[in-house]
Amino acid sequence: MTINNIRGNIMTNSRRRFLKLSAGGVVGLSMGGISLKAFANEQLDPENPQAKALQYVHKSAKEGQDCANCALIQGSDGEPWRPCSIFPGKLVNSEGWCAAWAKKPG
């Protein structure tokens, strides 16, 4: 076996290993997204200490300010309960409001 054959085998094995690890990472990331979405399934209780501190309510009393048009809301438009970056693992009412409300750009 020549030195060039040995180098070729090492390069091929390294490339295969890299591709396997990369594919595993992509699968892991996509599964992580699924588990994070599944984690945010409990509706936020206005009595929650963080919700109280931010004056969260399920129904906004402020004209033109609700969770649906807040920059911090996540999920899809039209869903009545959506994840919010301020309350990890909780769903907020799209018609709700809290003191962290910030107008969605656009």
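No lab work stands behind these numbers, since they all come straight from the coordinates. Keep in mind it's a predicted model, so treat the numbers as computed, not measured. No Cβ is skipped: glycine too gets one built from the backbone with ideal geometry, and neighbour counts run over all protein chains shown.
Straight Cα distances below 12 angstrom link Lys52 to none of the aspartates and glutamates, with same-chain residues fewer than 8 positions distant left out. Less than 19 Å apart at the alpha-carbon level, and either on another chain or at least 8 residues along: which aspartates and glutamates does that give for Lys103? Within reach: Glu63, Asp66, Asp77, Glu79, Glu95.
Between Gln50 and Asp77, how high is the FRET efficiency from 1/(1 + (r/R0)^6) when r is the Cβ-Cβ distance and R₀ = 25 Å? Nearest 0.05. The pair Gln50/Asp77 has a calculated efficiency of 0.50. Decide, for segment 40-91, between rounded, prolate and oblate: order the square roots of the alpha carbon gyration tensor eigenvalues as a ≥ b ≥ c, take rounded if a/c falls under 1.5, and otherwise choose prolate if a/b is larger than b/c, else oblate. It comes out oblate by the Cα gyration axes. If the segment from Lys103 to Glu42 were pulled out straight at 0.36 nm per residue, it would be longer than the present Cα-Cα gap by 19.5 nm.
Need one word for segment 63-106: rounded, prolate or oblate. Basis is the Cα gyration tensor (sqrt eigenvalues a ≥ b ≥ c); a/c below 1.5 gives rounded, then a/b vs b/c decides. It comes out rounded by the Cα gyration axes. Annotation: lysines with alpha-carbon distance below 21 angstrom to Lys104 (same-chain offsets under eight excluded): Lys59, Lys62, Lys90.
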